[in-house]
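Step one of this worksheet: look at the structure below.
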Amino acid sequence: QVQLVESGGGLVQAGGSLRLSCAASGRTFSSYAMGWFRQAPANEREFVAAISYSGGRTSYADSVKGRFTISRDNAKNTVYLQMNSLKPEDTAVYYCAAGIRYYGGSHFLPDYWGQGTQVTVTS
């Protein structure tokens, strides 16, 4: 069992930056791929980024590529999402996720989810 707690969301102007963090419980954090998804009002949850268990492979949605960076610190059981050049369309609840089924690209099927953190970007 893995428990995930996100932090770092908030209100930011367009062009600004935020860094989301996700702290995971359990001793097996380094065994899991980690990812971020987001859900805007009236939209389905969508893939944002993922990182392999070792950190050696990352992938991003086309909409965030070049602006967002996912990273992890296995010693701290934490995964991060650095978000730069934010746009109003990035406004959503961002969810951290963990799982072993990560096949590259957006092919990530999580087993565990956090509660989400709100990111609001104003124009």
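A few comments on the model shown:
- Extension gain (nm, one decimal) between residue 42 and residue 23, 0.36 nm per residue minus Cα-Cα: 4.1 nm
- Förster-model FRET efficiency, 22 Å R0, residue 123 and residue 85, C-beta, rounded to 0.05: 0.95
- Modelled this way, with points 7 Å down the Cα-to-C-beta line, the labels at residue 73 and residue 54 are 2.2 nm from one another.
- Unit charges at the beta carbon, dipole of the chain: most positive-side option, 52, 107, 40: 52
- Which of 11, 97, 28, positive extreme of dipole for the chain (C-beta unit charges): 28
- Cα convex hull, the range 75-123: 117 Å³ per residue, rounded to a whole number.
- Dipole in debye (nearest 20) - the chain, about Cα centre, beta carbon charges: Lys, Arg +1; Asp, Glu -1: 300
- Listed peptides 61-69, 48-56 appear in the order 48-56, 61-69 once ranked by packing, highest mean of other Cβ atoms within 10 Å at the front.
- Kirkwood hydrodynamic radius of the range 13-54, Cα pairs, Å: 12.7
- Accessible surface of residue 5 - all protein chains present, 1.4 Å probe, nearest 10 Å²: 90
- Within the shell defined by Cβ-Cβ distances under 15 Å, the residues around residue 74 carry a net charge of +3, with Lys and Arg each +1 and Asp and Glu each -1.
- Extension gain, residue 63 back to residue 100 (0.36 nm per residue minus Cα-Cα distance, nm): 10.9 nm
- With 10 Å bins from 0: P(r) over the chain, alpha-carbon pairs, percent: 15, 50, 30, 5, 0
The values are calculated or read from the model by the stated rules, or taken from the named source; none is laboratory data. Small disclaimer: the values here were computed from a predicted structure and weren't measured. No Cβ is skipped: glycine too gets one built from the backbone with ideal geometry, and neighbour counts run over all protein chains shown. Calculation scope for accessible area: heavy atoms of the full protein, side chains included, ligands and nucleic acids excluded. Shrake-Rupley method; radii C 1.70, N 1.55, O 1.52, S 1.80 Å.
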